[in-house]
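Right, one structure below, let's go through it.
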Amino acid sequence: MQVTVTVNGVEYTGDVDTRLLLVHFLRDQLGLTGTHWGCDTSNCGVCTVWLDGTPVKSCTVLAVMAHGHEVRTVEGLERDGVLDPVQQGFVQCHGLQCGFCTPGMMLTARWLLDHNPDPSAAEIRAAISGQSCRCTGYENIVRAIRWAAEHPAAESTPAEEVAAP
Amino acid sequence: MQVPAHFEYERATSVDHAIVLLSRWGSEARVVAGGHSLIPMMKLRLARPEALIDINDLAELSYVRLAAGELQIGAMTRHAELLASPVVGEHYPIFQDAERVIADPIVRNRGTVGGSLCQADPSEDLSAAFSAVDATAVIQGPDGSRTVPVREFHVGPYETVVGPAELLTEIRVPVRPGGGSAYEKVERRVGDWAVAAAGAALWLDGDTVADVGIGLTAVGAEHFHAPEAEAALRGKAATEENFAEAGRLAAAHCRPHADQRGPVDYKRHLAGELTIRALRRAAARARGQGA
Amino acid sequence: MTERSEVISQHSPPMGFGRMHRKEDARFIRGRGTYVDDVRLPGMLHGAVLRSPFAHARIVSVDTRAADAHPKVKAVLTGQTLAGLNLAWMPTLSYDTQAVLATDKVRFQGQEVAFVVAEDRYAARDALELIDVEYEPLPAVVDARRATEPDAPVIRDDKEGTTDNHIFDWSAGDKARTDAVFADAEVVVEQDVLYPRVHPAPLETCGAVADFDKVTGKLTIWCNTQAPHAHRTVYALVAGLPEHKIRVISPDVGGGFGNKVPIYPGYVCAIVGSIVTGKPVKWLEDRSENLMSTGFARDYHMHGEVAATRDGRIRAVRVKVIADHGAFNGTAQPTKYPAGFFHVFSGSYDLEAAHCEVTGVYTNKAPGGVAYACSFRVTEAAYLIERLVDVLAYELKLDPAELRMRNLLRPEQFPYPSPTGWEYDSGDYPRALRLALDMAGYEKLREEQAAQRERWAAGERSGTLMGIGLSFFTEAVGAGPRKHMDILGLGMADGAELRVHPTGKAVLRISVQSQGQGHETTYAQIVAEELGISPDDIEVVHGDTDQTPFGLGTYGSRSTPVSGAATAVVARKVRERARLVAGAMLEVSPDDLQWEKGRWFVRGDPGSGRTIQEIALAAHGNLELPEGVEGHLDATTVYNPPNLTFPFGAYVCVADVDPGTGQVKVRRFVAVDDCGVRINPMIVEGQVHGGLADGIGMALMQVIAFDEDGNCLGGSFMDYLLPTSVECPSWELGETVTPSPHHPIGAKGVGESATVGSPAAVVNAVLDALKPFGVRHADMPLTPAAVWRAAQGRPLRTDLAIT
């Protein structure tokens, strides 16, 4: 089946099997490997992307269901070479270790801050409660999101300043 | 990650179109809305429909409104929308209590009220909540529309009265003054299915329970509610003692199974304990005291 | 603890130890990590494993014809296929054998039976359904306590002469002395304590891309292994491929936790698949495969006894353990220690004697046992002793903090020869405990609890009951001295290589492999500390066996103790070489030079000096060097640790239990850790946070249970529950620092400390809350059902099906 999906603002048209999962479409057909997969039962949430502006688990959405819709992945967090405050917050606060849950966490964080710019720690914890992390014990993820809340886009730093030299 | 077997895919453009498609495919087709019950089952190859009818474009089924003295909830309403709805919060906080503990926030963005009811998992929370408030399901088919009380909607585990060429379109809950409602759930961890849960809706006339509904989740209660407990409490005073009796009857009525969530005696205990707690909170809300 | 973050300036990273942002983050926050499933090679095919639905069954026949005929299938392997290549069985890290693909029988649910290679992963999955296997089910053994009963079915009848399910017996300590102390003790307390089977469940599952190039004869295998060199050597021994023609590349790894140490049948099948098809073959397991067939952890059935005086002096501890190793003995630990370092169970206390006996048995479950941050069974040991201490406190009606304080080793006793043969390197235990208690506000908490218990006793039944649980642990990590510690004969010493380029930047090559621990940053910091080259100017290379020296990998918290030491030593060698070059540059004797970070200068004349960058350039230049001094600026070393290191900690957990439902909420968790010198405190704290979450998970919800037919009841994340952000409190961390006297930078390792120490604190807290119900002990996981049942006096057995 032919599908057209707008991913990170770019329209892609491709031929897909009806059973192709959105996460595989993004990773294998579009080469956007920042979105990960980690379970079989829609629990772990490492596959989280935005679908029409809302976080969803892309392992539980068919690519054909995304036809005509918009998807945002971790690759689309950065805008015009500037890292999103959420991305900066994760670096500042050591909000990631192995990095596997990180794309999904950051996308949920971005959505949360867009709707609730000053969330409490409890609200943050509730917002990410559908996504597992095995490394961080969540503490620094919460701090990273608080950091991003306290340093919104106007004060953000260009991407190259948070790059490895 | 596991992946589904092959199937055909159709997108419905309207309710009527969905019904035409369902009539064409018959029992070989399944409707997919949120997909968070069906797609995981298809990935594990426990469900193998030959065709999926995608009804996500049916925006006409996505609404929560107060009309004609009832709360009308379109079947395509996402869990997140029900949770966030002020009109639901005002009249039936039982649904917000329940939604808050259904799956997780990301899944709630996608899963639908109609999808959960039609999946008819014995551990599914909304079934008990809708049973407690004695809601009515509106089902549309090739011959038109019919209504079925939610208390008659479920035939058995994973089975409802919705026929192969029919679509659940709306759930209606009558709104009456003097009411309060609440849902209490025990889970092993946030997002897990209930070990057991109870929902209660009651209407007070002074200190008397004019009417009451008690819903039970995951404990094998037929049609997800406890009729003896309801009958015993109806017309009685809203006291701890009477709530305790209702809890005892609810516990006696249910037929829980042992599994890794708990043994039978524990689940039966919870059915009683959570019924009491739900009644307590529902009564407090009916009196304007509760949160 | 604060919700506000601490801002670290990245513009000037510390010249050595200290907080600094991680260099590796740059790619991860952009979604540009390279995990194994991100690897895509031209012509790559996909593998999938067919697994047994039965826990124990004879294989009658395997018919692959329909799968072979699938248009997208390129190869199908069975046990027969591999038997023809002598690869149907492979050695394990414990000198046992494990089936790669089953031949005669299947011995656990989920065991590998066949392997298909197809054009894409969807076709591979479809093809699995086309393989027809006929099984003859056999009765299964799922209860380790019954595995050696005379009528138990024999699982390993593939091994000549095997007539039962017994694997090994092992003991440590002085039995005679221990028995003597018990015989004349005033108080003896006994308790059965289960550490149930759990699974590390990293978010990235195990997998590999095997690429055999038939022209060059080289096998390149991308694999998310924690021990790339060990894998390479084992493949050479097993597959008959010469070792210099094998390259293992472990790229970014999405969590390891010990799950990614073993070699799994899927990797071997992918290699064979690549050889057979001439194309690269990718195999990534799905989550159910990960949970059902890869390296699980624990499953220790322990019987502990404590001998004490009536006034609370602990005199001796005696333990018997039945260790469930599953169907194949695949645990990874040093050869001489089949029960790992379990004999650290005497814990942090001053005992007269201790003795343990461990019996390993086979059951019809997946192989494994050593994993999930156990530090080689230290988790089991620490949990046992900390539970026993609380049981003793319960019996003697003593405060658990007071009981511990009375019996903790004192600083003047270090280095401490433990009654089971360890030499603990350093520690001030009472100080750490005092700090944890102060941070927790322990006395106030007990007052709050006392008031609550009074109300409960007076009949008030609404509300929760609070519990306070302690855990004081000593770990033994950093394996280890090669004379005593080897895995499959490979001594546990690690190499490190450092080269400074002409322009003064450097590359460090290490043998360990990060799975999130931040080595690209911390190892650069070690070099920075020794040489005064900025961490930003040091490239850390790891994970690729063609580019790095030999070593045994990252697990058991060994990276900092062994490879961290190797890094410090190799940097010091470079510094000494730099001294010689500087002497030549300044035309003085090297003995007249003094070091301050970043440069050598003439003693007494600080104005004269050469920076390390200047020295590097000169070393590559035309400077005349003295006799015997080679040019360039580099060094290599192999570090053979003289001993293990002994991190320790004191934890306090406060929990609120709802007696009406059994639900537990962890209100607070205070963790004081001592891991010696901290290279990057930010990273240390992150490691502790992660381990504390493990404690909540294991104490309250994680278990891989089995029913009597051997069906695995923990095969998905719907059943194997991991803690979320909501169950975890905001962790409150403290620290003490007692350097390791034998480690070059005084560091001890910390990766597993919190996983080791936390479960007991949570369990002790929950059981403390249940004291009004007279509950002395209940086993993990303390799910609501388990808590409620314990309070009723009818505890659940948590590792079997609930009926």
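Where a number appears in this text, it was derived from the coordinates with a stated rule and is not lab data. The structure presented is a predicted model; accordingly, all values stated were derived computationally and were not measured. Neighbour counts run over all protein chains shown; Cβ positions are idealised from the backbone, glycine included.
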For C:A75, distant residues with modelled amide H under 5 Å away: C:V117
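What ranking do C:S250, C:S426 get, fewest neighbouring Cβ atoms within 10 angstrom at the top?
On the way: C:S250 29, C:S426 21.
By the 10 Å Cβ count, ascending: C:S426, C:S250.
Averaged across the residues of B:50-60, what count of C-beta atoms belonging to other chains lies within 10 Å of each residue's C-beta? Please list the in-between numbers first.
Working: counts 0, 1, 5, 0, 4, 0, 3, 2, 0, 0, 0.
What the average comes to for B:50-60 is 1.
How many percent of the alpha carbon pairs in the protein assembly as shown exceed a separation of 47 Å? Please report the intermediate quantities before stating the final value.
Working: 273718 of 791911 pairs.
Above the 47 Å cut-off, the protein assembly as shown has 35 percent of its Cα pairs.
Please order A:M1, A:M105 by the number of other Cβ within 10 Å, starting at the fewest.
Working: A:M1 14, A:M105 29.
With the fewest neighbours first, A:M1, A:M105 line up as A:M1, A:M105.
Determine one quarter of the surface area of the Cα convex hull of the stretch B:16-126, which equals its mean projected area, and express it in nm² to one decimal. Could you put the intermediate results ahead of the total?
Values: hull surface 30.6 nm².
Mean orientational projected area (the stretch B:16-126, Cα hull): 7.7 nm².
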Expressed as a whole number of Å, what is the distance separating the alpha-carbon centroids of the stretch C:748-803 and the stretch C:248-314? 25 Å
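Between the DSSP loop rule and a limit of at most 15 other Cβ atoms within 10 Å, which GluC sites (Glu not before Pro) in the stretch C:430-476 are left?
Working: sites: C:E443, C:E447, C:E448, C:E454, C:E460, C:E475; in loops: C:E460, C:E475.
Loop-located and lightly packed - C:E460.
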Roughly what would the spin-label model give for C:E576 and C:M15, points 7 Å off Cα along C-beta, in nm? 2.3 nm
For the stretch A:1-97, just the Cα set please: Rg and Dmax, both in angstrom. 13.8, 44
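May I ask you to compute the full-extension gain from C:R455 to C:K175, defined as 0.36 nm times their residue separation minus their alpha-carbon distance, rounded to one decimal in nm?
Working: separation 280, 0.36 × 280 = 100.80 nm, distance 4.73 nm.
Difference between extended and current length: 96.1 nm.
For peptide C:30-39, how many partner chain Cβ atoms fall within 10 Å of a residue's Cβ, on average? Walk me through the numbers on the way to the answer.
On the way: counts 12, 17, 5, 9, 1, 5, 0, 6, 5, 1.
Across the residues of C:30-39, the mean count of other-chain Cβ atoms within 10 Å is 6.
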Quick one: if you stick a label point 7 Å off each Cα along the C-beta vector at A:Q2 and C:R794, how many nm between them? 6.6 nm
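Taking the Cβ of each residue in B:L216, C:L130, C:L531 as the centre, tally the other Cβ atoms inside 10 Å and list the residues starting with the fewest.
Values: B:L216 32, C:L130 18, C:L531 29.
Final ranking by Cβ density, sparse to dense: C:L130, C:L531, B:L216.
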Square roots of 5 times each gyration tensor eigenvalue, C-alpha, the stretch B:161-291, largest first, Å: 24, 20, 14
Under 12 Å from the Cβ of C:I538, count the other residues' Cβ atoms, weight Lys and Arg +1, Asp and Glu -1, and hand me the total. -2
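Can you give the charge dipole size of the stretch B:1-100 about its Cα centre, rounded to the nearest 20 debye, using +1 on the beta carbon of Lys and Arg and -1 on the beta carbon of Asp and Glu?
Values: 9 positive and 13 negative charges, 78 e Å.
For the stretch B:1-100, the charge dipole is close to 380 debye.
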For C:Q98, what residues show an amide H to amide H distance below 5 Å, using hydrogens built from the backbone and excluding near sequence neighbours? C:M90, C:T92
Overall form of the stretch B:146-207 per C-alpha gyration tensor (a/c, 1.5; a/b vs b/c): oblate
Counting only DSSP beta bridges fully inside the protein assembly as shown, the antiparallel percentage to nearest 5 is 80 percent
Among C:P549, C:T560, C:T803 - extreme Cα towards positive end, dipole of the protein assembly as shown, charges at beta-carbon: C:T560
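For chain B, how big is Rg over Rh, using alpha carbon atoms and the Kirkwood form of Rh? Walk me through the numbers before you get to the answer.
Details: Rg = 18.8 Å, Rh = 19.2 Å.
Radius of gyration over Kirkwood radius for chain B works out to 0.98.
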With the cut-off at 30 Å, tell me which of the pairs B:K43/C:K365; C:K159/C:K282; C:K573/C:K748; C:K597/C:K748; A:K57/C:K282 have Cα atoms farther apart than that. C:K159/C:K282
Using the Karplus curve 6.51 cos²θ - 1.76 cosθ + 1.60 with θ = phi - 60°, what ³J(HN,Hα) values do you get for each residue of the stretch B:35-49, in whole Hz, with x for Gly and Pro? x, 7, 9, 6, 5, x, 5, 6, 5, 7, 6, 7, 10, 9, x
Provide the descending list of Cα extents for chain C along its principal axes, expressed in whole angstroms. 86, 72, 52
Mean Kyte-Doolittle of at least 0.5 and a Cα length of 30 Å or more along the axis: which whole DSSP H helices of chain C meet both? C:565-586
Going by Cα centres, the stretch B:79-153 and the stretch C:517-595 are how many Å apart? 62 Å
Karplus-derived HN-Hα couplings along the stretch C:279-292 (A = 6.51, B = -1.76, C = 1.60, θ = phi - 60°), whole Hz, x at Gly and Pro: 10, x, 10, 9, 10, 10, 6, 8, 5, 5, 5, 4, 6, 8
How long are the semi-axes of the equivalent ellipsoid of chain A, defined as square roots of 5 times the Cα gyration tensor eigenvalues? Whole Å, largest first. 27, 18, 14
Could you work out how far the C-alpha centroid of the stretch A:34-111 sits from that of the stretch C:57-99, in angstrom? 38 Å
Student exercise, the protein assembly as shown dipole from Lys, Arg, Asp, Glu Cβ charges, in Debye to nearest 20: 740 debye
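What area, in nm² and to one decimal, does the C-alpha convex hull of the stretch C:76-125 cast on average over all directions?
Details: hull surface 17.4 nm².
Seen from a random direction, the Cα hull of the stretch C:76-125 projects 4.4 nm² on average.
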So, how do all the Cα-to-Cα distances of the stretch C:183-321 break down into 5 Å bins, in percent, from 0 on up? 2, 10, 15, 16, 12, 9, 7, 6, 6, 6, 5, 4, 2, 1, 0, 0
Which cross-chain or sequence-distant (5 or more) residues have an amide H under 5 Å from the amide H of C:N224, H modelled 1.01 Å from N in plane? C:G207
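Can you show me the helix-derived [θ] at 222 nm for the protein assembly as shown, built from DSSP H runs with n ≥ 4 at -39,500 (n - 2.57) apiece and divided by the number of residues, rounded to the nearest 500.
Values: 33 runs with 348 residues, N = 1259.
Result for the protein assembly as shown: -8500 deg cm²/dmol, rounded to the nearest 500.
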